[in-house]
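**Student:** Before I ask anything, here is the structure I am working with.
What follows draws every value from the coordinates through simple rules; no lab data is involved. Small disclaimer: the values here were computed from a predicted structure and weren't measured. In this analysis, Cβ positions are derived from the backbone assuming ideal geometry, glycine residues included, and neighbour counts consider all displayed protein chains.
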Amino acid sequence: MSIQRTEQITNKLYRIQTDYGDFALKQSRYHSNEENKWLSIAEWLEANGGQLAPPIARTRDRSPYVKSENWLYYLTPWVQHTKDEYPTHDIESFYRSLGILHKQTKQTSPANQPYIEYLWNRREASEQAHQHLLVKIEEFEKRHYMPPLGLAVCSQYKQIHYSLEFMKDLFREFPDREKMSGKIPQVINHGNLKNDHIIQYHGHSYFLNWERMFVGPAMLDVSRFFLNDFRFHDSPVDAYIKKFSVYEQLYGMTNQERLLLAIHLIDPHHYFRRLDQLAGDKNSSELEKVQKLEKSFRRMVYGRLIAESLFSSFQAQQVKENESISTPDETQ
């Protein structure tokens, strides 16, 4: 194989043109303690990822990558991105591929205790979030001239307050810890889903950059994708809601998972962490601070829109289940 042309696409991606076709050469940070994980990911993708990711080429000694100092390099066929004329078709394609990944790898596991503890800690922190917001606003109001960041927080207060109240409603529906353990399926999570890591190829979605793959609840994967995308003002939230049933049906989403996803999508902790960071930032301009906070605010607002849709489905399903329990069996 002879190389005809090399084109740098990003600082970690090259397009290599050869007489055998085009390839993608990718660079990833190397950590010695993660080498076994890398091998496991490559082996899993080779055995199971034919519908989900471009195949990784092997070296002469059958390694899926080449190490050089603090970096790993691996090679896959170059897949040309072909956006559909209708954006909702790409969303359907994404949901199908994600549903396939999660359905194929779904298994019930009792090893959910760390995740359940995480949810309970999040619940307790959320109960203090509103008071934290009021404290921040009071700090801004004490200043003789309120900075633009403070004005932004005050203008966002109503929406943040509503999101926090809605989150309380979600947690009220939470089952007891004992009832949750063992009932949350574990799946292969891509670990870093975002639009930059998805290639649309003639109606099919391939996922790239699997370095953060792990086993855990499926809703972590779904929520990470949404929250990554909600930073942008043109995120197609309505289309995500409208087409979500494609994923729900293919994966086989439970009603409890709907509730979990809704909770993950309202992310006040990210907003408050960003606000605390920006309040102490001496290097960024006020305009930059407001723009950064706006991204975190948008995550909460857009996340709540999908969470509200999920909660409506959750409640409707609960009504159906209660009716089926209360209605006597006519065959008896």
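**Student:** Can you give the Rg and Dmax of the chain based on its C-alpha atoms, in angstrom?
**Tutor:** Considering the chain through its Cα atoms, Rg and Dmax are 22.9, 77 Å.
**Student:** Can you give the net charge of the other residues whose Cβ lies under 13 Å from the Cβ of Leu75, counting K and R as +1 and D and E as -1? Please list the in-between numbers first.
**Tutor:** Details: positive: Arg15, Lys26, Arg58, Arg60; negative: Asp22.
In short, +3.
**Student:** Order the peptides 190-202, 140-152 from the highest to the lowest mean number of other Cβ atoms within 10 Å of their residues.
**Tutor:** Most protected by this proxy first, the peptides run 190-202, 140-152.
**Student:** Sorted by packing (mean other beta-carbon atoms within 10 Å per residue), highest first, where do 218-230, 120-132 land?
**Tutor:** Averaged packing, sorted descending, gives the order 218-230, 120-132.
**Student:** Just how far, in whole angstrom, is the range 211-235 from the range 88-142 if you go by their alpha carbon centroids?
**Tutor:** When both Cα centres are located, 9 Å separates them.
**Student:** Further, regarding this structure: At a Förster distance of 41 Å, what's the computed FRET efficiency of Lys295 paired with Gln113, Cβ-Cβ distance as r, to 0.05?
**Tutor:** 0.80
**Student:** Right, here's the next one. In debye, nearest 20: dipole of the chain around its Cα centre with unit charges on the Cβ of K, R (+) and D, E (-)?
**Tutor:** 760
**Student:** Could you run the Karplus curve 6.51 cos²θ - 1.76 cosθ + 1.60 with θ = phi - 60° over the range 284-300 and give me ³J(HN,Hα) per residue in whole Hz, x for Gly and Pro?
**Tutor:** 7, 6, 4, 5, 5, 4, 5, 5, 5, 5, 4, 5, 5, 5, 5, 4, 5
**Student:** If amide hydrogens are placed 1.01 Å from N in the peptide plane, which non-local residues have theirs closer than 5 Å to the one on Ser205?
**Tutor:** Ser97
**Student:** Return the sequence-ordered ³J(HN,Hα) values of the range 55-69 in whole Hz as given by the Karplus equation 6.51 cos²θ - 1.76 cosθ + 1.60 applied to θ = phi - 60°, using x for Gly and Pro.
**Tutor:** Per residue, the Karplus-derived 3J(HN,Hα) values read x, 8, 6, 9, 7, 4, 9, 6, 7, x, 7, 10, 8, 8, 6 Hz.
**Student:** In whole Hz, with x marking every Gly and Pro, tabulate ³J(HN,Hα) for the range 154-171 from phi via Karplus 6.51 cos²θ - 1.76 cosθ + 1.60, θ = phi - 60°.
**Tutor:** 5, 5, 8, 4, 4, 5, 5, 4, 4, 5, 5, 5, 5, 5, 4, 4, 5, 5
**Student:** Please go through the range 256-332 and write out the GluC sites (Glu not before Pro) that DSSP classes as loop and that have at most 12 other C-beta atoms within 10 Å.
**Tutor:** Counting only loop positions with at most 12 other Cβ atoms within 10 Å, the GluC sites (Glu not before Pro) in the range 256-332 are Glu330.
**Student:** Moving on. Report, in deg cm²/dmol and to the nearest 500, the calculated mean residue ellipticity at 222 nm for the chain, where each DSSP H run with n ≥ 4 adds -39500 (n - 2.57) and the sum is divided by the residue count.
**Tutor:** Rounded to the nearest 500, it is -18500 deg cm²/dmol.
**Student:** Multiply the residue separation of Ser324 and Glu288 by 0.36 nm, subtract the distance between their alpha-carbon atoms, and state the gained length in nm to one decimal.
**Tutor:** 7.5 nm
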